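**Q** This is the structure I want to talk about, given as structure tokens.
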Amino acid sequence: MELTKTQKKQRLCMMLVGGFAIFFTGYPHVWSVYQPYVMQQAGWSQKQASLCFYLAMAFFVFGNIIGGRMQNKSSPKQVLLLGGGIFTAGVLLSAFLLVPSPLPIYLTYGVLQGIGQGMVYTVILATAQKWFPKRTGFASGVVVTANGLCGFFLAPISRSLLEAGGPRLAFLVIGIGIAVSWISCSIFFFVPPTAWYRQTEPVQTQKSGSAVAAQKQYTAFEMMHTKRFYLLLATMLFGLLSYFMISPISQTYQLALGIPSSIAVSAVTLGSIANASTRLVLPALSDRVGRIGCVKGVLLVCLFAMALLCVSRSYVVTGAIVLIYGCYGGIMGSFPSFTGSIFGIEHAGENYGYVMFGIVIATIGAPMITGAVMDSGYGMPIVFALGTAFAAIAFLNLLLLQRELKKIK
């Protein structure tokens, strides 16, 4: 179906303001900048402060599921307004609740922010894919890249605010920015006609410009009764475990090897660029060469990078860490369109929310695995060996998923 000039303008406007709103959904990834200031002001332990990040990540997934289900029964604009309001309230309230007990912040920064930003994230992501039914990888890549860029831009801004006025000033200023983003997005938020996306191409044959084949649009209930769902979930889970095991210790490990601090810090900066770049490039590329091929490439690079960490003790470690950051972005960028190409995009928001349980398990499981290894006295080589094994398991699950998809071709 050819779009009119007005519809093309609406689509462009939606991508621009949608990207602006989804940019702020990466806010929890800046928590490491806030943590020392919060610990100093409220008197919390590192463990208490770190839980804010994990709660926000966990409830972000629940927000995706809630928002995805709501937009199936009401308008995406209503979901955006509600989710944006909850997101903003969670951040603004956090400015006034830095007290000795961390429970109020767990509720505001963790639960409310997580659910609100998840609702905003899923409704924009799903709508972007529906605007581009034949280029869902490109559409999801653009908006997910905005999420990945949040840390790159908000980390220095937050640091300046924290130095100037502490966590309260930072929460208030960022909270106002969040409110502006979703309010402006809701004003210019347009939903495509249902007929545009009711038919999409199967994942194993999806090529740019090919004929569109009819595809079943799975509900979440139907999706979870297929083997494909669990193989997709396992691929995401094991693919992300390597990143979550490496990211928190990347700087300290490099310093322990004698790598200069400037090089170690640059790994995070370059890693952020790699993260954002792969979120944009790989999903768009997958529209042309296929989803499975791109995810295979990401997992093979992850496997290679983890193997390098197992055997290297030099600047090669820095390069491997940058590659792993890029692989994380590749997975986060590719899986929204990958999920839609398997199960359809009519219920893409809710369906991807359930696939994202892989993020919850990886976020919780990675520090537990790393802590258990270190407490046992085995050291980092075993952590890297496990990360390599997890990348290999993810690749194996992807091969099994590919075989399942060929059965329904």
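The values are calculated or read from the model by the stated rules, or taken from the named source; none is laboratory data. This one's a predicted model, so the numbers in the text were calculated from it and none came from an experiment. All Cβ positions, glycine included, derive from the backbone under ideal geometry; neighbour counts span all protein chains shown. SASA here: full protein model, heavy atoms, side chains in, ligands and nucleic acids out. Shrake-Rupley method; radii C 1.70, N 1.55, O 1.52, S 1.80 Å.
**Q** Only Lys, Arg, Asp and Glu count, each charged at its Cβ (+1, +1, -1, -1), so figure out the dipole size of the chain about its Cα centre, rounded to 20 debye.
**A** Computed about the Cα centre, the dipole is about 1160 debye.
**Q** A further question follows. Sort 73, 134 by heavy-atom solvent-accessible area, probe 1.4 angstrom, most to least.
**A** Ranked from most to least accessible, the order is 73, 134.
**Q** Divide the volume of the convex hull of the Cα atoms of the range 109-154 by its number of residues and quote the answer in cubic angstrom per residue.
**A** Residue-normalised Cα hull volume stands at 64 Å³.
**Q** For the chain, list the cysteines whose Cβ sits under 4.7 Å from no other cysteine Cβ?
**A** Singleton cysteines: 13, 52, 150, 185, 294, 310.
**Q** Sum -39500 (n - 2.57) across every DSSP H segment of at least 4 residues in the chain, then divide by the residue count to get the 222 nm mean residue ellipticity, nearest 500.
**A** -26000 deg cm²/dmol
**Q** Ok, one more. Compute the FRET efficiency between residue 6 and residue 75 as 1/(1 + (r/R0)^6), taking r as their Cβ-Cβ distance and R0 = 22 Å, and round to the nearest 0.05.
**A** For residue 6 and residue 75, the calculated efficiency is 0.65.
**Q** Assigning unit charges at the beta carbon (Lys, Arg +1; Asp, Glu -1) and nothing else, what dipole magnitude in debye, to the nearest 20, does the range 52-171 show about its Cα centre?
**A** The dipole of the range 52-171 has a size of about 480 debye.
**Q** Restricting things to Cα coordinates, could you compute the convex hull volume per residue of the range 326-409 in Å³?
**A** Given the Cα convex hull of the range 326-409, per-residue volume reads 100 Å³.
**Q** Also, quick follow-up: Could you report the accessible area of residue 32 in Å², rounded to 10, computed with a 1.4 Å probe on the protein chains as they sit in the structure?
**A** 90
**Q** What does the extension gain come out to for residue 266 and residue 32, with contour length at 0.36 nm per residue minus their alpha carbon separation?
**A** Contour length minus the Cα-Cα distance gives 82.6 nm.
**Q** Based on a Kirkwood Rh over C-alpha pairs, give the Stokes-Einstein translational diffusion coefficient of the range 221-275 at 25 °C and viscosity 0.890 mPa s in µm²/s.
**A** 181
**Q** log₁₀ I(q)/I(0) of the range 1-137 at q = 0.18, 0.22 Å⁻¹, via Debye over equal Cα point scatterers, no solvent, to two decimals?
**A** Ignoring solvent entirely, the Cα scatterers give -0.94, -1.22.
**Q** What fraction, in whole percent, of alpha-carbon pairs in the range 270-331 exceed 14 Å separation?
**A** Everything past 14 Å amounts to 55 percent.
**Q** Just the accessible area for residue 96, please: 1.4 Å probe, Å², rounded to the nearest 10?
**A** 120
**Q** Report, in debye and to the nearest 20, how large the dipole of the range 1-94 comes out about its Cα centre when Lys and Arg carry +1 and Asp and Glu carry -1 on their Cβ.
**A** Here the range 1-94 has a charge dipole of around 380 debye.
**Q** How much length is gained if the chain between residue 314 and residue 372 is pulled fully straight, taking 0.36 nm per residue apart and subtracting their Cα-Cα distance, in nm to one decimal?
**A** Computed gain between residue 314 and residue 372 is 18.3 nm.
**Q** Also, quick follow-up: Just the number, please: Stokes-Einstein D of the range 137-188 in µm²/s, Kirkwood Rh from C-alpha pairs, 25 °C, 0.890 mPa s.
**A** Here the translational diffusion coefficient equals 197 µm²/s.
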